[in-house]
Structures are given as structure tokens and as C-alpha cells.
């Protein structure tokens, strides 16, 4: 909303200079977003909140200024003009539904001379960015800006009948609006029609045919109030916007409509001559007064400060409300119909606080009763994030909305349908992702493109699964590793090509830190590796297929990925920390180095060793592996380190050696190992 | 035998020692069980009685002297040793360790804000991203067909009637108040969605954090005090804050909160649009209609609510000028946090 300093002066004696006024308006809730000097005037651009249609006028802002800065508001009183309610020149009027149009009035002015507007009028409109058309149209716009009431003038001779009907458009009815575009209408849209066809889209935009132009002699001046919801839906449907509908949507006052019609007619008669003729109106512009009782103690309860009741009364009066003091200091406040936003006592509290000044309300510290605090999911999530970043990974955040094509390209399959978005702006917002992996793959590709050769990232976010009656949201952890991890060691630079064991290592570290008791990695038939938590599948690891890599332009690189359902992980975390006493007696360690066929699963081997060595064998782990010159093709060299220990006393070699030998023979017999 | 001569000999010998092994040899030679000093001590009884006392003292003095000399030599050898090692490894070479990972800047800001409010006694609560139209709008006193909804353009879901992606974190207020009685002090971080065209300051997904406090006697002045504490914690104690009246359907009175520009300290620059102030959050006293929807007694309780965009705070705090950087996830960007 734009206003000018001089126009404002028509309504109030301004004592504050423009820049100070801008500051004061901003601090009262009318945020001045720009202030420009133009000739001898200043243009204020103000952001008007949607609850204040009364601020969409010079007069409304002047009223506010009088409350903020002092000074008396000079309202315009309409001159009594002699329009006749009957007679040949009054146009028959029909409103098909009062809910659509609570008030409609049409004044006929005959013998007008349509021509250019006087300079002062043109200038004022131009300062607000409104193009001058002709004196009649300019006057309707002028009143719109000044009083906030949208008006429309029709060329009466182009209205068939002549008659006016406010009705819903018929299916497939058409109109060419003043912007020259044809609009297809339907019964959801309210129109002003003559005997045969729509002549305007009610409250939104006039039609070109009955437009007032040079040569127009007789006009019909419309001033009305339309249903805000109906107009809002209509303009959304048609994709139209206008100063008029902007105001109708927010709410136009009934009494204002009646008054503006008089003031505009007066201006037309003095600038374009003509004679007042017929007048017809339907609906009442009188409304019942709304009374709100305000207890000054309530104001204090909400705001916390001590504003004197006298000051409250004074502020409300200045805003155009009528205040009476009743028993026990209760203020009885009468609300005028241009303040539809004031309904509850708390609305008046805001008015008082706003004008009194938010900055004058003291600060205090509330007594917060802390809630009983259990370890929340968020705390665990934070812990996981910290662990992973400690393991060298970088957290990313990617969009929850993705394009369907990405899902297909990356070949990430999920067991449910995807959730589709009804109104995406682009294909990148087509669906809610059922997996984080496509986004991470894209993120890896992006970073490789930036010549980064080692990408190690993770994300924790929700995935969305389509269920029959609702959408299921599941928190998920996803990790992606790619490229060559180069790092310095004592021996110099090591270049480590990322593979799935790196990913496993990260997950193992994470699960161990979270005290997950029972986790396993089991290969599946489809090449993926299941992550089992407490015997249940809670996620998987995979190496991205060549085809998928090609589709996202990743060349000569492997990408390994993991996704873990966090709800399941949360259920397996060991929160209780319990101390296990340290071993009192030394252990005996025996390493077995051997050569084994490559297709034998190491996991099976270790399980067999553990079973055989129990209970003296406390752990068996892979201490080394080797493939190379000394090992025949298809074989791998392994060293398993076996630790034997007793809690009660020191073990002797005599006890361990025979047991260890049986372990070795088991390996030879069952797995065909060759000791080295 | 002349004790002084022996001492001189030992001193000379020690001066030539350059390794711990050689030092050990010298030690054994003189101080060992069969060493020279033991030999000298053993020879005492063979001396005439009147000479025994004097010679004994001399031998003892020599022993102490030699012990000290060896100890001193040992120390100097150790020092030489580490000096030698120093020369072996150039400390200017890179250290050997795994490179550290990083948390996303948005995570850092959320953690920081949650921590500040945790200390004041607020708990963190999270809610679903797929919401009902009721929780996102109606329950928050936002009429479905009113221009006040224009600020909340919303993604709707196909196939699920009245389901949408929350356009702000406020629906969690409704959920929280429906499930718990006052006093209620919660802080709600999370993702939100709005169909906005993407540019340097707009995205269709971003993060918000929301806080509410409901109890008997919660006042607008408490809101001011709480947010003052918050802004000073995040932006430093010299920051100024101002409350500007505004309109939100779910609060009354409502305010927008500005802080003095952290770039120009209020003088006016390009970041603050020459205003000297930066808008950082919206706040207000919870509207009685919201209480009505969740079944709270507005006569008994009052409360405040506030909400802000995390990206906005992160951009101001870290000096990031393009919001798209947050979700591009360039490692060179992420590693800075």
C-alpha cells in the first residue's frame, strides 16, 4: 500500500516530518518498507497486515496517525445529493443471493463529460503508481485509495435492459475484461450482468464492453460489498488480481460503501459535470454495534506492565472506538464496522499495547517449571550425529521432496508406493522420498564434480511411506562413501580405495558405541547386505550398480551406501552402562596363520572356532589377511588370533595347547585350511 | 694409589662416552660389585690402622663423586637422545590422524538454540512433517479462506485428503497442548515446506524453530525478557532488540522481533537494507482461540509463542549470503562448520 505525505495532510495536521513519521508507523505495526521523495511530496510504501483492511486507505492510515502522533482526524462528510429512488432513470436491480452480495447500490449520473482528469488528480494517482485513464475512472480509483472502498463505473448506454443483476456466472459464460483478456467463467464466480450477459466480474475486474470511455454520456456508479471468500476463490481460480479484490477479500465496511458512493458522485459532478438521476440499492448498510467489555486488570495480566486506565481509554478513542467507563472500571467499548478485526478483549489489548508502544512494556523473566526429562529421541539422534562426525563423516541435509526420475535412475527400490505431491512447482518436488539414498547419491555426484575425490557423508531425516490410510514417517540414517581416501601414515601417503568394509567399520563403531548387543551383517541374494539388529532386519548396505552410477554420471568410482531405520536402532541401544570386572589372570594368545579358499565365509569360520574353543576361548578375531605373490589364486592368507583365559586362575600352556590343536584340526577338516 | 688420579681418569673416560651402553660399561667397571671402587674399599682392612680412616673417607667421596658424574652423564645422554630424535622428525610435517568430520550448520544452530532454551527449562519436542489441515491452519486460528493464509503457501498430498506438508512448526503447538496440561515449556525444531520458487533467499524446504510457554501468569513482558536472553546468547551481549507490532492469526498481541544489524551495528548497510535492523523472528501471546481449540482454559492460562527460520539465523551468524548453499552440500562448505 502506497500513500503520500501530502494526501495524508488532507485528513490530519501533520507535525512530524516524513522520516520520523515512517519510524513511528513502523513501530505501530504499519511497517514502512520504503520512503521516497518525489517532487514536493513523499511516497510511503507500507506493508499492511491482512487483518487490517481499514489501513488500505489514506483515511484509515490518517486515523492511525492521529492515535500515534496526536492531532484530530478530519473525516470527509458527503454532501447530500438529490438522487431519486424511483423514476425512469433508476435501473432495475436484482441480487440473486444476499450472502454473495450483502449490499449493492447503483447511482445513475447523466450527461457526464468524459475527458482527462485535472492535473492534481492525475498527479496523486501517479504517485501511487496508478495510471490515469479518464476523469470518471480516475475518480473511482481516487476514492478507492482515499477511502478504501472499491467502486466501478459502467457506461449505462451499453448495459442492456437497462438492468443490473448480481448473480453467479453460468457455466461456460465468457467475458472480456478491461485488460483485453477473455475469461471463461463458471458458477463459482460472481458477476454483474445486464439483461443478457456479464458486464463485470464482481469486485474483481470490469468488462471491456461497458467500460467508461471518451463519448460515454450516462454512467452507473456501483458501490457494493461482496462476499470476501467467494471473491477470493474466484480471483484465485481466474488468476486475476486487482486493487478492488485485494480490499474486498480483506473485508470492506458496509457503511463505508454507502458513504463512498456519495463522495464519489459529488466529485464526478464537480469534475465531469452531469446530473444526479436515479438511485437503487439492495441490502442494508447499517450494522449492529459490537460491544466489547475490557477489564484494565486483564490488560495488565496479558501485558505485564501498568498502563493507566485513562491512557487505555484515550488510545481506544483515538482509534475511532467509543469507550464508556462502567462499574469497577470496566471499559465498555463500541467497535465501528470498519474494525471487523476487533472481536475479543485481547484484540483491544493489542491495540492499547501497539499505540502505547511495545518498547515501553518492561521485560521480565518467567518462572519456567522444567518438565520431567527423559532421554529423548533427539538426544540420541544428536549422539549419533556426533559419533559419525567423530568418525570423520560430514553431515548433509537434502530435500525431502525429490523427482520420480531420480528414484528410477538410482534403482533404489522400496517396499511401498511413494507419496505424491498434489501441487508441486517443479518436477523436483514430485514425491516425498521413501529413501534417503537417491539424494545422497546425487550429493556424491555433485561433490565428485567439484573435483573432491573422497566423499564421506551421512544424513538423518524422515522417509515417507504410503500406507492405505495415512503416510508413515520413519526416521532413517543413511551413509554414503565414495572415492579414494588418501591419508598420511608413518610410511607416507596411503591411498585407500573405498569399499563396503569401510562402511561396515563405521556401522560397527557406531553400534558398539551405542552398546547395541546383537548386530550382524548378512549377505542377501540380491547382492545387498542386510543389517540385522536384534535378529531383525533394520537396514542394508549396498554397492551401487554400474548402471546406476552411469545414470548419475559417476565414472571410475564405487559408491557404497547404507540405510538404517532409527526407530529400530533406538530399540536396540543399551542405555544402562554396567561395569564388568577386569580380568585378574593373564590370558594366553595363540595365532593361527593359514591359507584358505576365498569362497569360504570368514564369519562361518569364526563361529566354528568360537564353538570349538569354548569355554576357555574368550575371543577369536582376524588379526591379518593377505592376498598376493605367496598365496595361490583363489585363496587368501589369514591370521586368526585366539585368546584363552580363565577368570579363576592362570591358565597353563598344558591346558591351552591341546584345545588349540583341536581348533586347528577342526579348521583343517571342516574348512580345508592349510597351515602356514 | 692416588685417588685424585683415579678420579681424573674416570672423568676422562666418561667424557668419551656417547651411548647408554658405554655408560653402563663404565658404571660396572667402577661401581660394579667387582669394580674398582669395591676393590679399593676391600683393600682398606689391609692398610695400617692410622691410614684406614683417611683413605676410607677418600674412597667414599670418590664413590659419591662418580655416582654423581654418571647420573649427570645419563641425563645429558637422554637429552641428546631426544634432541637427536627431534632432528630425525620434522615437526613441520603433517600430523598423523584421521581428518575430522562435521555437522551441518543448520544442526549447529538448532543445537545452540535448543541448548539456550534447555537451560531456561524448556524441553525439546518434535512433530511429524506430514500434517492435517486442521493442525496446520484451523487449530491455529488461520481461516482456510482468508488472505492471512497467503503467507502460508502449502504443499498438499495426492490421495490423502486434507493432508499436507506442514508449512510451519506451529502445528506441533497444537499437538503438544492437546496431549499435555500446563505448565508447558517446549521448543520445537524441524523441517517445513512451502511451494516457493528457489532463489538466493527462498527454498521450498527450510527449517524453523518454535517455542511456547503456557502457565498461569505468563505475560508479554516475559516474552520480551525471554527473547532478550535468547538474542544476547546467540548474537552477543551488545546486540539490541526491538519488538514491532505485527499480525499473526495464532497470537494476540503479535510482534516481529528485530535485532540491531550485526554487520553495521545499526548504522545501516546493504545487509539490513539501510534500516539498521534485521528481522529475525515472530512472536506473541497465544490467541485465546488457539486455547479454545486445544481445550485450555483461557481464563486460567496465558502463554507466549515465538518462531524463527533457522537458515536466516545461520546466514546472519555465519555470514552466508545464499540460502541454496545449505542444501547443495558442497563438502568445501560443510567442512567449514
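Per-residue answers, yes or no, for (1) buried (at least 20 other Cβ atoms within 10 Å of the Cβ); (2) facing chain A (nearest Cβ under 10 Å):
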| residue | (1), (2) |
| --- | --- |
| B:70 | no, no |
| B:75 | no, no |
| B:90 | no, no |
| B:93 | no, yes |
| B:96 | no, yes |
| B:105 | yes, yes |
| B:110 | yes, yes |
| B:117 | yes, yes |
| B:129 | yes, yes |
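Does segment A:36-49 contain any residue that is under 17 Å from residue A:336 (Cβ atoms), surrounded by 21 or more Cβ atoms within 10 Å (Cβ to Cβ) and either in contact (Cβ under 8 Å) with a residue 40 or more places away in the chain or within 12 Å of chain B (Cβ to nearest Cβ) (or both)? No. Considering only residues in segment A:351-368 that are part of a helix (DSSP H, G or I) and facing chain B (nearest Cβ under 7 Å), the one that is farthest from residue A:312 (Cα to Cα) turns out to be A:359. The requirement of being at pLDDT below 85 and either assigned by TED's automatic domain parsing to the domain that holds residue A:194 or not in a loop (DSSP other than H, G, I, E, B) (or both) is fulfilled somewhere in segment A:63-84, by at least one residue. Restricting attention to segment A:321-350, the residues being part of a loop (DSSP other than H, G, I, E, B), surrounded by 19 or more Cβ atoms within 10 Å (Cβ to Cβ) and more than 11 Å from chain B (Cβ to nearest Cβ) number 4.
Residue A:306 meets all of the listed conditions (1) in a loop (DSSP other than H, G, I, E, B); (2) facing chain B (nearest Cβ under 9 Å); (3) without any contact (Cβ under 8 Å) to a residue 12 or more places away in the chain but one, namely (2).
Being surrounded by fewer than 18 Cβ atoms within 10 Å (Cβ to Cβ), under 40 Å from the mean Cα position of the chain (by Cα) and under 26 Å from residue A:482 (Cβ atoms) is true for just one of A:550, A:525. Which residue is that?
Values: A:525 fails: under 40 Å from the mean Cα position of the chain (by Cα).
None of the other options fit; the residue is A:550.
Residues that are without any contact (Cβ under 8 Å) to a residue 60 or more places away in the chain and within 14 Å of another protein chain (Cβ to nearest Cβ) within segment B:292-328 comprise B:292, B:297, B:298, B:299, B:325, B:328, listed in sequence order. With respect to (1) in contact with a helix residue (DSSP H, G or I) (Cβ under 7 Å, 6 or more places away or on another chain); (2) more than 7 Å from every other protein chain (Cβ to nearest Cβ); (3) in contact (Cβ under 8 Å) with a residue 40 or more places away in the chain; (4) within 21 Å of residue A:569 (Cα to Cα), the lone exception for residue A:383 is condition (1). Would you point out the residue of segment B:181-200, among those that are over 23 Å from residue B:116 (Cα atoms) and assigned to a loop (DSSP other than H, G, I, E, B), that is nearest to the other protein chains (Cβ to nearest Cβ)? The selected residue is B:195.
Count of segment A:369-398 residues, restricted to those that are surrounded by fewer than 20 Cβ atoms within 10 Å (Cβ to Cβ) and assigned to a loop (DSSP other than H, G, I, E, B), is 10. Of the residues in segment A:399-407, at least one is facing chain B (nearest Cβ under 10 Å), part of a loop (DSSP other than H, G, I, E, B), at pLDDT 95 or above and under 25 Å from residue B:160 (Cα atoms).
Of the strands (runs of 3 or more DSSP E) lying entirely inside segment A:481-572, those containing at least 1 residues that are closer than 30 Å to residue B:91 by Cβ span A:492-497.
Here's the yes/no breakdown for (1) at pLDDT 95 or above; (2) closer than 17 Å to residue A:479 by Cα; (3) in contact with a strand residue (DSSP E or B) (Cβ under 7 Å, 6 or more places away or on another chain):
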site	(1), (2), (3)
A:504	yes, yes, yes
A:511	yes, yes, yes
A:553	no, no, no
A:556	no, no, no
A:561	yes, yes, yes
A:573	no, no, no
A:595	no, no, yes
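For segment A:429-476, the set of residues classified as more than 8 Å from chain B (Cβ to nearest Cβ), surrounded by 16 or more Cβ atoms within 10 Å (Cβ to Cβ) and in a helix (DSSP H, G or I) consists of A:437, A:438, A:439, A:440, A:441, A:442, A:444, A:445, A:448, listed by residue number. Against the list (1) surrounded by fewer than 18 Cβ atoms within 10 Å (Cβ to Cβ); (2) modelled with pLDDT of 95 or more, the condition residue A:114 fails is (1). Counting residues in segment B:136-144 that are closer than 23 Å to residue B:230 by Cβ and modelled with pLDDT of 95 or more gives one or more.
The residue list A:250, A:232 contains one member that is farther than 22 Å from residue A:280 by Cβ and without any contact (Cβ under 8 Å) to a residue 24 or more places away in the chain, which is A:232.
Candidates in segment B:154-178 are the residues that are part of a loop (DSSP other than H, G, I, E, B) and at the interface with chain A (Cβ under 9 Å from one of its Cβ atoms); of these, the one that is surrounded by the fewest Cβ atoms within 10 Å (Cβ to Cβ) is B:159.
Scanning segment B:120-139 for residues that are under 35 Å from the mean Cα position of the chain (by Cα) and not in a loop (DSSP other than H, G, I, E, B) gives B:120, B:123, B:124, B:130, B:131, B:135, B:136.
When we screen A:620, A:580, A:614 for residues that are surrounded by fewer than 12 Cβ atoms within 10 Å (Cβ to Cβ) and assigned by TED's automatic domain parsing to the domain that holds residue A:638, the only hit is A:614.
The values are calculated or read from the model by the stated rules, or taken from the named source; none is laboratory data. Being a predicted model, the structure only gives us computed values, none of them experimental. We place every Cβ from the backbone using ideal geometry, glycine too, and count neighbours over all the protein chains shown.
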